[in-house]
1. Could you check region 1-20 and list, in sequence order, the residues that are part of a loop (DSSP other than H, G, I, E, B) and within 20 Å of residue 123 (Cα to Cα)?
2. What do you reckon, is residue 105 more than 16 Å from ligand 1 (Cβ to nearest atom) and surrounded by fewer than 23 Cβ atoms within 10 Å (Cβ to Cβ)?
3. With the requirement that a residue be within 12 Å of ligand 1 (Cβ to nearest atom), in contact with a Gly (Cβ under 6 Å, 6 or more places away or on another chain) and within 23 Å of residue 16 (Cα to Cα), what does region 131-184 give you?
4. Starting from residues that are surrounded by 13 or more Cβ atoms within 10 Å (Cβ to Cβ) and part of a loop (DSSP other than H, G, I, E, B), keep the ones in region 116-128 and report whichever is nearest to ligand 2 (Cβ to nearest atom).
5. Determine the pairs where a residue that is open to solvent by 30 Å² or more (accessible area, probe 1.4 Å), located within region 151-171, has a partner that is assigned to a helix (DSSP H, G or I) and within 9 Å of ligand 2 (Cβ to nearest atom) with Cβ atoms under 6 Å apart, the partner being 6 or more residues away or on another chain.
6. So which residues in region 19-37 are out of contact with any helix residue (DSSP H, G or I) (no Cβ under 6 Å at 6 or more places or on another chain) and crowded, with 22+ Cβ neighbours inside 10 Å, if there are any at all?
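The values are calculated or read from the model by the stated rules, or taken from the named source; none is laboratory data. What you see is a predicted model, and the numbers here were worked out from it, not measured in a lab. Reconstructed Cβ throughout: ideal geometry from the backbone, glycine too, with neighbour counts over all protein chains shown. These accessible areas exclude ligands, DNA and RNA; they are computed on the full protein's heavy atoms, side chains included. Shrake-Rupley method; radii C 1.70, N 1.55, O 1.52, S 1.80 Å.
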Amino acid sequence: MPILFASAALLVGPAWCSHLCYIGAWDDMASRRGPTPARPLSKRWIIGGRASTLVIACGGALAMRLLGTPVELAVTLAAIFGLAGIGVMLFLSRRLGAMVHCATFCPMGLVGNILGRLTPWRMHLGQDRCTRCGVCARACRYGALTPQEIEAGRPGLSCTLCGDCVAACPHAAMRYHARGLAPDAARATFMVLAAALHAVFLGVARM
Ligand code: SF4
Ligand code: SF4
């Protein structure tokens, strides 16, 4: 699992959350039962919430290793952490219509966002076409398109390259971007890469 995650994050960055992670698919289903547009997510939680769970998950695992914690107790604590995430989906994502689990709770999402800076894939908002209508922000369920981020021409750190804003923008201002590629080629290449990774993951799971 760590190898699959690291290779995916280094190839498609935060698209792990929106295209590959099955827990992300659960959060997607939960958020779609909530209001549209989604309620805005606090930037403090998008960074601070996931940084906290990252420290708890990594620090806890290291501490248990050093302390020689029995396997049964370690598995129980891991299950509690996982169940807390499911609770976030059921009670917060459904209520807010936003991907609260992926954007504010899951530590792997934050790692994917950070490693994504090493990949060529970005969302680019063409300032020449954008009318600041805000339709893309209403389509984004990861809290990545505040008015300030639209003004700056790029989504925030919680963007997972899901592409919902691309389909929603009535002026074709939001596009996939990779240096050296035209927007359509960047989108096609990115999708092929994500689909290929998906196939590899299914193959590995089958083994
Ligand atoms: S939907 Fe398109 S035009 Fe409207 S704010 Fe977003 S990028 Fe700009
Ligand atoms: S691709 Fe667009 S809709 Fe999806 S997370 Fe990024 S900014 Fe939001």
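1. 13, 14
2. When the stated conditions are applied, residue 105 does not pass them.
3. 144, 149 - these are the residues of region 131-184 that are within 12 Å of ligand 1 (Cβ to nearest atom), in contact with a Gly (Cβ under 6 Å, 6 or more places away or on another chain) and within 23 Å of residue 16 (Cα to Cα).
4. 121
5. Close Cβ pairs satisfying both conditions: 162/18; 164/139; 168/136; 168/139.
6. Answer for region 19-37, where residues must be out of contact with any helix residue (DSSP H, G or I) (no Cβ under 6 Å at 6 or more places or on another chain) and crowded, with 22+ Cβ neighbours inside 10 Å: just 21.
The rows are residues; the columns are (1) modelled with pLDDT of 95 or more; (2) more than 7 Å from ligand 2 (Cβ to nearest atom); (3) in contact with a Ser or Thr (Cβ under 6 Å, 6 or more places away or on another chain).
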position	(1), (2), (3)
132	no, yes, no
135	yes, yes, no
142	no, no, yes
148	no, yes, no
152	no, yes, no
157	no, yes, no
168	yes, yes, no
174	yes, no, no
179	no, yes, no
